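To start, the structure itself, in structure tokens.
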Amino acid sequence: MAIMDVHNDSDGLLVLWLEPWGEDRWLKPCETFHVRSDYDGVDAPFTVDHFEDDDDRAAGIANIAVWVNEGNAEVTDGTGTRLECGHQRPEDVTRKWNALPQQMLGETASNPIPEGGPKRSSTLTEDTL
């Protein structure tokens, strides 16, 4: 088993993205999560990428993607409790993400997708979501 600690030493939120599954867990300042992989081979079990965009940076949010190269993985806190996707995700982020499919369909044109976000498509329908 491979274990990697992810610690948030910033004053803002750190989003831990578990890839390739696209799962998010949110660390508050000074929190540490543990990524545990069942892989026990000789190759590196994880690859790490750090990224930010202007909107996230302005909101005090940083992102780190932990790519699980082999096997399955889970994320736990310091007590060993398994943390599910969306752990500590702010409510306003959840609302924004839940609204994106409707915005992409143009059903909420009064609240357009922010610049740099998903683009509208004339071929997108509810059946393709």
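What is the pair-distance distribution P(r) of the range 1-99, computed from all Cα-Cα distances in 5 Å bins starting at 0, with each bin given as a whole percent?
2, 13, 23, 26, 18, 10, 5, 2, 0
Would you please name the chymotrypsin sites (Phe, Trp or Tyr not before Pro) within the range 1-32 that are DSSP coil residues with at most 13 other C-beta atoms within 10 Å of their C-beta?
When the chymotrypsin sites (Phe, Trp or Tyr not before Pro) of the range 1-32 are filtered for loop state and at most 13 Cβ neighbours within 10 Å, W21 remain.
So, R0 is 30 Å and r is the distance between the beta-carbons of D54 and M1; what FRET efficiency does that work out to, to 0.05?
0.20
Every number in this text was worked out from the coordinates using simple rules, so none of it is lab data. Please read all numbers here as calculations on a predicted model, not as lab measurements. All Cβ positions, even for glycine, are placed from backbone atoms using ideal geometry, and neighbour counts span all protein chains on display.
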